[in-house]
1. Pick from ILE41, ILE121, ILE166: which residue has the top mean-square fluctuation in a GNM of the chain where Cα pairs under 10 Å get a spring?
2. Could you compute the net charge surrounding PRO155? Neighbours are other residues with a C-beta less than 11 Å from the C-beta of PRO155; K and R count +1, D and E count -1.
3. Listed here are the pairs LYS17/LYS39; LYS39/LYS95; LYS44/LYS167; LYS24/LYS52; LYS94/LYS131; LYS2/LYS131; which of them are more than 21 Å apart at the Cα?
4. Working only with C-alpha atoms, what are the Rg and Dmax values of segment 73-161, expressed in angstrom?
5. With +1 on the Cβ of every Lys and Arg and -1 on the Cβ of every Asp and Glu, and nothing else charged, how large is the dipole of segment 3-175 about its Cα centre, in debye rounded to the nearest 20?
6. With springs only between Cα atoms under 10 Å apart, run a GNM on the chain and tell me which of LEU129, LEU84, LEU15 wobbles the most.
7. Please name whichever of TYR16, ILE166, VAL55 sits farthest to the positive end of the charge dipole of segment 3-175, dipole taken about the Cα centre and charges placed at Cβ: Lys and Arg +1, Asp and Glu -1.
8. Residue separation times 0.36 nm, minus the C-alpha to C-alpha distance between HIS128 and LEU81: what's the value?
Amino acid sequence: MKKILFLDHDGVICLYKDWGSRFKKQEEWGGKKLSMSPKEIPIKYRFDDFDKDSVDVLNQIIEETDCEIIVSSDWRFHGTLEQLQELYRDSGIKKVPIGTTKLYPLKASTTWPERNRAGEILEWVEEHLTKDDKWVAVDDLPLATYVEGNFVRTPFDTEGIKQTGIKDRIVKILNR
């Protein structure tokens, strides 16, 4: 039986206080050159920092459930799976992601990013999991309408995954 944690970053393990930290890191590195694409920036300077306490909570979830991580965050647009794995290792996360959901741009008629995110997750579930496998999507977007029963929302971007009760809800879904 597989246990999968679909993980968003912003508002979950990268909290409001850390948003924009990549700009300071890039300045210390020497600054992004105008001709440089974002993907040419070394991975440790490309992304905002993960909150250390949120990483601790994520590591507790991994220990208690032995789940694997699939990145559903928009950060997928800005780095390869290998680069995201490097970022997780450098951030002290006990397991690196084993994959990402597919990247689909928002359709012109779709104004809700949560609909796209949920669709990407559900497609991954359909292609890779059986009815006996367990999975949960953790996101700050309101995905509940689309992934009912397998969703935990982190509604406060200042607390994310470390908000009281969030870890227990995630573990309960993965261990049921």
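Every read-out reported here was derived from the displayed coordinates using simple, explicitly stated rules and does not represent laboratory data. Predicted, not measured: the structure shown is a model, and the values here were computed from it. In this analysis, Cβ positions are derived from the backbone assuming ideal geometry, glycine residues included, and neighbour counts consider all displayed protein chains.
1. Greatest mean-square fluctuation among the candidates belongs to ILE41.
2. Counting the neighbours of PRO155, the net charge comes to -3.
3. Among LYS17/LYS39; LYS39/LYS95; LYS44/LYS167; LYS24/LYS52; LYS94/LYS131; LYS2/LYS131, the Cα-Cα distance tops 21 Å for LYS17/LYS39; LYS39/LYS95; LYS44/LYS167; LYS94/LYS131.
4. In Å, with Rg to one decimal and Dmax whole: 13.9, 40.
5. The calculated dipole for segment 3-175 is roughly 360 debye.
6. The residue with the greatest mean-square fluctuation here is LEU129.
7. In segment 3-175, that residue is TYR16.
8. Gain on stretching HIS128 to LEU81: 15.2 nm.
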